[in-house]
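Here's the structure, in C-alpha cells; my notes come after.
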Amino acid sequence: MSQIWQLSYLVAAVTIIFSIKWLNSPATARRGVIAGEFGMLFAIIGTLLRNDVISYQGIFVAFLLGAAIGAPLALKMPMTSVPQFTALSHAFGALAAALVGTAEYIRETATGFTMVALAVETLLGFLTFTASVMAFAKLQELIPTRPMTYKGQNFVNLALLVLAIVLAIWMVVTPAPVWVFPLFSALALLFGVLLILPIGGGDMPTVIALLNSYAGMSAAAMGFALNNRLLIIAGALNAASGFILSVIMCKAMNRSFTNVLFGAFGQVQAGPAAATTAKPVRSATAEDAAAILASARKVIVVPGYGMAVAQAQHKLRELSDVLIKNGVDVQFAIHPVAGRMPGHMNVLLAEADISYERLHEMDEINSDFSEADVALVIGANDVVNPAARHDKTSPIYGMPILDVDKAQTVMVIKRSLNPGFAGIDNELYYNPNTLMLFGDAKVFVSELVKEIPAAVHA
Ligand code: NAP
C-alpha cells in the first residue's frame, strides 16, 4: 500500500508542475487546468491510501460539505467575478491550513523546527483567510471598495504583526502558557482584515495574487510540520507562482509592492475629463469608421476593461472575421494589466474563438503600431494613455503602454470621455489622429459589423 500512495504522490507532483508550465500560454492553458485537476485528484487518492487515516466517514462528510459549497460557486460564477471567487477559494485553502496547524498544536507539544513550521503555517493561514474574505467582500462590493485609511494605520498594522511574531517566537523557544496560541491566532486574523482596509478595490487582483502566494507558503509550512513532501512541493509552487504573478502585475502598472499594499491608490478619483476640460475631440459615426476600417491594410485591435464590461468579444470576433475576409491584416495587442485581472483579455478573446496567433503581448507588437493604418481601441483607457511616457506628475507615469498613438489613425470606442481605473484624463483623445467612437462597445462593434460590407462595396 505504501508504494501505491507514494506513486500517487509522485504522479500528483509531476502533474502539478506540468500544469503550471502549461498555464503559461493560452494555447496550452486548458490542458494546464485539466492537469492541475488530475494532480489534485492523485494527491487526494494518495492521502486517502495512507495508513494514518483514522476514519473515512469524517473525510466523506467533509468531502460532501466541500462539494456542496464548491460546485454551485463554480457553476454560478460569471467570468467577470473570477477575481473575487479566486479570493474566496484562497480563503478556504488558507483556513484549512490554519485549522490543521491549530489541531497539530493542540494534539502534540511541537518543538524546534516543527513548531517554527506550525507557527508560520497558522500565522499565514489565519491572516490569508481574513484578508481573502475582505478582498472578496471589496470586489463583490459588500463593503466599500475605496481605500479606508486613518492616521498611524501602517504603524498599527506593523505593531500587530510584530506582536504576533513575538508570540510565535515565545511558542518556539519554550512551551508558552495556554492563552498565547489563541491570542497569536486572533492577532493573525485581525492583521488580515487591517491589511486589506487601505487597499482600493482595483488593486485587489494584485493583492489576491500575493495572498495566493501566502496561502502557498502556509501549505508548504504545513508540509514541513506534517512531514508531507507533496504539500511542500505544491505549496512552494503555489507560493512562487503567486509571487511572480504579483510582481509581473506591479511591474506592468509601474507600481511597487509597498505602493500597492500601503499606497491607498484610487482614493482620490479625478472627475470626468469632460467636465473639467473644454478641449475639442473629433468623433465619428459607425459609417465613417467602417469606411476607414474597410480601406485599411493593417488594423491592430486593443481591447480593455470596457470590452469585458460590455461583453463585446463575440461581436469583435465577427468584426475581425469580416475584415480578414476583405483582406485586412487584423492583429490584437494585449497589455498585461488590461481589464481587471491577469489574462482577462486573453480569456475573453479565447472564449470568442479568436485565434491565438493573432494575440500579441505588448513587447512583441508595440513596434508594429507605426506601420498600422488603424489602432482600434475598444474600452481600453489607461493602458493606451501617452501621459505614462512623459508626464511625471501622472499616477501612471512610467507604466509601459501600448503605443497606439503611433498608428496612422486611432479609433477609440467608449461611452464618454470618463476616465478609467487610474481616474485620470487621457490625452490620446485630443490628438489630431484620434477619432472617438462614442457608444457601448458591443453596440458600436455590432454597428461596424453591419456597416463594413457596404463600406467595402462603396
Ligand atoms: P480602464 O483604464 O479602466 O478603462 C476602461 C474604460 O472602459 C473606461 O474609460 C470606460 O469609459 C470604458 N467602458 C466601460 N464600460 C464600457 C462599455 N460598456 N462600452 C465601452 N466602453 C466602456 O481599462 P484598461 O485600459 O483596460 O486598464 C486597466 C486598468 O486597470 C489599468 O489602470 C490597470 O493598472 C488596472 N488594473 C488592472 C489589473 C489587471 O490584472 N488587469 C489589476 C488591477 C488594476 P466610459 O465610461 O467612457 O465608457
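The values are calculated or read from the model by the stated rules, or taken from the named source; none is laboratory data. Everything numeric in this text was worked out from a predicted model, so none of it was measured. Neighbour counts are summed over all protein chains in view; Cβ atoms, including those assigned to glycine, are modelled from backbone coordinates with ideal geometry. Remember, those area values only see protein heavy atoms, side chains included, never the ligands or the DNA or RNA. Shrake-Rupley method; radii C 1.70, N 1.55, O 1.52, S 1.80 Å.
Taken over region 425-439, the residue count meeting the criterion of being near the ligand (Cβ under 9 Å from one of its atoms) and closer than 13 Å to residue 285 by Cα is 2. Can you find a residue in region 261-272 that is farther than 20 Å from residue 86 by Cβ, part of a helix (DSSP H, G or I) and modelled with pLDDT of 95 or more? Scanning region 261-272, I find no residue that is farther than 20 Å from residue 86 by Cβ, part of a helix (DSSP H, G or I) and modelled with pLDDT of 95 or more, so the answer is no. Scanning for something out of contact with any Cys (no Cβ under 7 Å at 6 or more places or on another chain), under 22 Å from residue 100 (Cβ atoms), buried (at least 18 other Cβ atoms within 10 Å of the Cβ) and among the polar types (S, T, N, Q), does region 146-167 turn up at least one residue? No, region 146-167 contains no residue that is out of contact with any Cys (no Cβ under 7 Å at 6 or more places or on another chain), under 22 Å from residue 100 (Cβ atoms), buried (at least 18 other Cβ atoms within 10 Å of the Cβ) and among the polar types (S, T, N, Q). Within region 350-365, count every residue that is among the small types (Gly, Ala, Ser) and out of contact with any Leu (no Cβ under 7 Å at 6 or more places or on another chain). So the answer is 2. If the condition is being open to solvent by 10 Å² or more (accessible area, probe 1.4 Å), within 20 Å of residue 98 (Cβ to Cβ) and touching a residue at least 60 places away in the same chain (Cβ under 8 Å), then region 192-207 contributes 193, 195. Looking at region 349-371, is at least one residue crowded, with 22+ Cβ neighbours inside 10 Å, small (Gly, Ala, Ser) and either in contact with a Ser or Thr (Cβ under 6 Å, 6 or more places away or on another chain) or touching a residue at least 12 places away in the same chain (Cβ under 8 Å) (or both)? Checking region 349-371: not a single residue is crowded, with 22+ Cβ neighbours inside 10 Å, small (Gly, Ala, Ser) and either in contact with a Ser or Thr (Cβ under 6 Å, 6 or more places away or on another chain) or touching a residue at least 12 places away in the same chain (Cβ under 8 Å) (or both). Candidates in region 161-211 are the residues that are part of a loop (DSSP other than H, G, I, E, B) and in contact with a helix residue (DSSP H, G or I) (Cβ under 7 Å, 6 or more places away or on another chain); of these, the one that is farthest from residue 94 (Cα to Cα) is 176.
If you filter region 81-133 down to residues that are of a type in the set (S, T, N, Q) and surrounded by fewer than 20 Cβ atoms within 10 Å (Cβ to Cβ), you find that the one that is farthest from residue 172 (Cα to Cα) is 81. Conditions: (1) at pLDDT below 95; (2) within 17 Å of residue 445 (Cβ to Cβ); (3) of a type in the set (Lys, Arg). Residue 414 meets all but one. Number of the miss? The failed condition is (1).
Scanning region 9-25 for residues that are under 19 Å from residue 345 (Cβ atoms) and surrounded by fewer than 16 Cβ atoms within 10 Å (Cβ to Cβ) returns 24, 25. Restricting attention to region 330-382, the residues that are within 15 Å of the ligand (Cβ to nearest atom) and part of a loop (DSSP other than H, G, I, E, B) total 12.
In region 412-424 there is no residue matching the filter, namely being open to solvent by 50 Å² or more (accessible area, probe 1.4 Å) and more than 8 Å from the ligand (Cβ to nearest atom). Name the one entry in 433, 381 that is surrounded by 17 or more Cβ atoms within 10 Å (Cβ to Cβ) and at negative phi. Only one candidate qualifies: 381. Entry remark, region 285-314: residues being open to solvent by less than 20 Å² (accessible area, probe 1.4 Å), modelled with pLDDT under 95 and under 21 Å from residue 369 (Cβ atoms) number 0 in total.
Scanning region 182-191 for residues that are of a type in the set (A, V, I, L, M, F, W, C) and free of Cβ contacts under 8 Å to residues at least 60 places away in the same chain yields 183, 186, 187. For region 181-209, the set of residues classified as at pLDDT 95 or above and either in contact with a His (Cβ under 8 Å, 6 or more places away or on another chain) or of a type in the set (Val, Ile, Thr) (or both) consists of 193 only.
The combined condition, being among the acidic types (Asp, Glu) and outside any helix (DSSP H, G or I), is not fulfilled by residue 405. Tell me, yes or no, whether region 401-411 has at least one residue that is of a type in the set (S, T, N, Q), within 9 Å of the ligand (Cβ to nearest atom) and under 24 Å from residue 310 (Cα atoms). There is no residue in region 401-411 that is of a type in the set (S, T, N, Q), within 9 Å of the ligand (Cβ to nearest atom) and under 24 Å from residue 310 (Cα atoms). Of all residues in region 32-51, those that are open to solvent by less than 100 Å² (accessible area, probe 1.4 Å) and not in a helix (DSSP H, G or I) total 1. Scanning region 102-125 for residues that are of a type in the set (Asp, Glu) and either within 12 Å of residue 181 (Cβ to Cβ) or at pLDDT below 90 (or both) yields 104, 108. Please work out if residue 179 is surrounded by 15 or more Cβ atoms within 10 Å (Cβ to Cβ), over 24 Å from residue 259 (Cβ atoms) and free of Cβ contacts under 8 Å to residues at least 60 places away in the same chain. For residue 179, the condition - surrounded by 15 or more Cβ atoms within 10 Å (Cβ to Cβ), over 24 Å from residue 259 (Cβ atoms) and free of Cβ contacts under 8 Å to residues at least 60 places away in the same chain - is not met.
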